[in-house]
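Step one of this worksheet: look at the structure below.
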């Protein structure tokens, strides 16, 4: 038998037929290259949007020009909604599916999440820290005030007040008003010849929460023990002011003194440093939020890449 016949070369199982009878290679096992540019866009653009919205709502624009601030936010919202048009058409079958990984839907969802989170945390940061700084910055600085000669109505627009080196807290006339928390007040007076002077009207009061008792003169709020503290940072809490007024009314009744126009202050050495601490807290929260959202966005993009890799894209 000839060698071709030995191997079935004539009319038998030829090599050409063997090639023809091989099962087709499944296209699912073929890996395609993934375009990495959309992945980087999905990583950085939502994060930048989050940072921009967070910064906008924490900035002075939200204090001085809130309408302009929220108009800008509305434009950003319309832009994000426009990004959802393409994935919606694909979902409804009105646009062809792409041959590669479909990043349209992922990009729209993460941009929407970034917008919502930036709005929520930006407003939270503004209401808890930055608004206090902007309020103090918008008020006057009084460098020379005396509890002996100055009146409360003269310092209505004051945010930071330096009362002079002879100013002290008259803790003997302090008082606490109990209503869930204890609202503590102590009049700011002056010392002359080592004696705390009585005043015609006690218009300036140091305040604090839960730093005294309601039945004894034992005020220990703020920098009450600091010998160099002679200044006040204006108390700005509208919801608690009425309770401090009640504490002042109890003090005037108990000690037989007058308070014609009481103003409330945190007793500190450096009111400007105290004011700046609110801004520092706001910057700290913004940095934490910025890093946290970048970690979140990186996780989402990593999971999307892993999912696309399972579909056969390298």
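Every number here is computed from the coordinates shown, using simple stated rules; none is lab data. This one's a predicted model, so the numbers in the text were calculated from it and none came from an experiment. No Cβ is skipped: glycine too gets one built from the backbone with ideal geometry, and neighbour counts run over all protein chains shown.
Points to keep in mind about this one:
- For residue 292 and residue 128, a Förster radius of 22 Å and the Cβ-Cβ distance give a FRET efficiency of 0.85, rounded to the nearest 0.05.
- Ellipsoid semi-axes in whole angstrom, largest first, where each is sqrt(5λ) of the Cα gyration tensor of the stretch 142-269: 20, 16, 14
- Mean-position separation - Cα centroids, the stretch 109-137 and the stretch 163-228, in angstrom: 36
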